[in-house]
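Report on the structure given below.
Bear in mind these aren't lab numbers, they're just calculated from the coordinates by the rules spelled out. All of these numbers come straight from a predicted model, not from anything done at the bench. Positions of Cβ are backbone-derived with ideal geometry, glycine not excepted, and every protein chain shown enters the neighbour counts.
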Amino acid sequence: MGNKSTDERSGGNATQGTSTPPEPDPDVPPVSQEVLFDALASRRSRYILHYLRREETPVSVGNLVEAVAAWETDKAIDLVSNEHLQNVRTSLHHTQLPKLAMAGLVQYDEDRELVDRGVYAEQADAYLDIAVSRDDAVPSGD
C-alpha cells in the first residue's frame with residue numbers, strides 16, 4: 001500500500017525543495033481533538049513531532065529513526081541495537097508516519113524519505129510540551 005506524496009495530498013500546493021508547509025485549505029476544518037489525541041497516543045508519534053519541532057525541516061527518515069530509537073531506549077545512538085533501529089524504522093514507515101500524515105500533523109515524502117511538519121502540527125504543540133516535560137529520555141531544550 002503506497003502513500004500519496006505530500007504534493008498529491010495537499011492538492012499540488014507544495015513545491016519540491018521547500019520546507020514550508022502549504023497553507024491550510026479554508027474548506028477543511030482543523031484537526032479534531034479526537035484525531036489529535038489518537039495520533040498522540042503513541043510515544044513514538046510524540047517523539048516524531050517533538051523532533052520535527054527541534055530540527056531544521058524537512059528531516060531524513062534515517063535521522064528521525066535514530067532520534068526516536070535513542071529516546072526510547074534512553075541510550076546514546078551508538079549503543080542502540082541494529083535490531084531496535086530496524087523495528088523503529090519499520091514502525092515509522094508503516095504506522096506512525098502515515099497516521100500522522102493523514103491527520104495533517106506531518107508531511108511524509110515516502111519516495112525521498114523526508115519528513116516535515118504538517119499544516120496542523122502547531123495544534124499538537126501544547127500537548128507535546130506537557131508530554132516532553134514528563135519524559136526524562138527526551139531533551140526538552142531547543
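Inter-label distance, S42 to N63: 2.1 nm, where each label sits 7 Å from its Cα along the C-beta direction. Per-residue packing, averaged as other Cβ atoms within 10 Å, sorts the ranges 122-128, 78-84 into the order 122-128, 78-84, beginning with the highest.
With contacts taken as Cα pairs under 8 Å and at least 6 residues apart, the range 30-133 reaches a relative contact order of 33 percent.
Sorted ascending by nearby beta carbons within 10 Å, beginning with the fewest, I48, I130 become I130, I48. Quote the FRET efficiency, to the nearest 0.05, computed for Y127 versus H84 with a Förster distance R0 of 35 Å and r equal to the Cβ-Cβ distance. It comes to 0.85.
Under 1.5 on a/c is rounded, so check that first for the range 86-136, then, if it is not, pick prolate when a/b is larger than b/c and oblate when it is not; a ≥ b ≥ c are the square roots of the alpha carbon gyration tensor eigenvalues.
Details: a/c = 2.54, a/b = 1.36, b/c = 1.86.
In terms of gyration-tensor shape, oblate.
Under 14 Å from the Cβ of H93, count the other residues' Cβ atoms, weight Lys and Arg +1, Asp and Glu -1, and hand me the total. Mind dumping the intermediate values first?
Working: positive: R44, R89, K99, R112; negative: D109, E110, D111, E113.
Value of the local net charge: 0.
Prolate is the label for the range 30-133, because the ratio a/c of its alpha-carbon gyration tensor axes (a ≥ b ≥ c) is 1.5 or higher and a/b is greater than b/c.
Note the full-extension length gain between E56 and S32 as 0.36 nm times their separation in residues minus their Cα-Cα distance, in nm to one decimal.
On the way: separation 24, 0.36 × 24 = 8.64 nm, distance 2.69 nm.
Value of the extension gain: 6.0 nm.
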